[in-house]
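Below is one structure, written out as structure tokens; the observations come after it.
The values are calculated or read from the model by the stated rules, or taken from the named source; none is laboratory data. Worth saying up front: this structure is predicted, and the values here are computed from it rather than measured. Every residue, glycine among them, receives a Cβ derived from its backbone with ideal geometry; neighbour counts consider all protein chains shown.
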Amino acid sequence: MHGDALMGDVMPSLRRRDLLVGLGGAATALAAGSMQAMAGLANESEEITAPPAGHPRLFGSAESITEGLLTLVPKAEVVRRSLADGPVLASAEGIGATLSVEERTALARWACFLAAFRHAEPMTRLVAVNDFANAVPYVSDRRNYGVDDYWATPTRFLAAGGDCEDFALAKFVSLHRLGFHEDRLRIALVLDRERQAHHAVLAVYLAGEIYVLDNQIQSVTSHGRISHYRPICSFNSHRLWVHAG
């Protein structure tokens, strides 16, 4: 998706509310040893089916809950549809739509994957979901659907590929189906200062930390190790947070 198209739903309203700020920062290298330490912390006993005890500041920003999720981010309806559609997800055209052969194949592969990691440690689930989704080809909305902005359900994404918000949504739904409470999961819309483009990632709140699952970064990464993203807003199926600073 083009960066401007990704933010098409949210930018005008958020600007009117003066909720966006200047964005800055530079990329920070990852360290394998630090990731192992984080994994150890995340694997400590914690009930992932419950909401997190607290919410650290995503990428160091201040955040406020804002009413009107579907008004400001209309395509967040796809999150609700993807979560509410039961064990079999509908295609992007709507609940009850007939799945294509490709979608049925993707759905079966996804179900097998989820079954294999249902009882894994929390961090193992994060890494597995990130790797599983990131193996899907990146395909622009223009190439897939002939439009600049289209949010596909996970089944459609796994069958046809997709762009950044499709990766984030597939990871969101996968982790929710693997037992993570929805309040631990947010799709975050950010500005990537390195590419000067808007981008979408999944933020996961676990063991007092925020882990970022990103189709542009191979490893599950603490938000504190990513300095080139500045968050604009983040949301799940029922709540919107606006970020500043």
>> Checking the conditions here, which among 141, 148 is of a type outside the set (Phe, Trp, Tyr), more than 28 Å from residue 210 (Cα to Cα) and buried (at least 20 other Cβ atoms within 10 Å of the Cβ)?
In response: 141
> Could you say whether any residue in segment 204-225 is part of a helix (DSSP H, G or I), more than 15 Å from the chain's Cα centre (by Cα), at pLDDT 95 or above and at negative phi?
Replying inline: yes
>> Go through segment 135-152 and report how many residues are assigned to a loop (DSSP other than H, G, I, E, B) and within 19 Å of residue 198 (Cα to Cα).
In response: 8
> So which residues in segment 193-222 are closer than 23 Å to residue 138 by Cα, buried (at least 22 other Cβ atoms within 10 Å of the Cβ) and not β-branched (Val, Ile, Thr), if there are any at all?
Replying inline: 198, 199, 200, 202, 203, 211, 213, 214, 215
> Restricting to segment 149-177, what's the tally of residues that are more than 11 Å from the chain's Cα centre (by Cα) and under 19 Å from residue 188 (Cα atoms)?
Replying inline: 10
> Out of segment 170-203, which residues are in a helix (DSSP H, G or I), touching a residue at least 60 places away in the same chain (Cβ under 8 Å) and not small (Gly, Ala, Ser)?
Replying inline: 172, 173, 176, 177, 182, 183, 184
>> Could you tell me how many of the residues in segment 109-129 are part of a helix (DSSP H, G or I) and closer than 21 Å to residue 204 by Cβ?
In response: 13
> From 167, 132, which residue is assigned to a helix (DSSP H, G or I) and over 13 Å from residue 79 (Cα atoms)?
Replying inline: 132
> Between a first residue in segment 47-74 that is within 20 Å of residue 180 (Cβ to Cβ) and a second residue that is among the aromatic types (Phe, Trp, Tyr) and part of a loop (DSSP other than H, G, I, E, B), which pairs have beta carbons less than 9 Å apart while being 6 or more apart in sequence or on different chains?
Replying inline: 48/180; 49/180
>> Based on this model, can you work out whether residue 169 counts as under 25 Å from residue 234 (Cα atoms) and at pLDDT 95 or above?
In response: yes
> Which members of segment 226-245 meet the condition of being crowded, with 19+ Cβ neighbours inside 10 Å and in a strand (DSSP E or B)?
Replying inline: 229, 230, 231, 232, 233, 234, 235, 240, 241, 242, 243
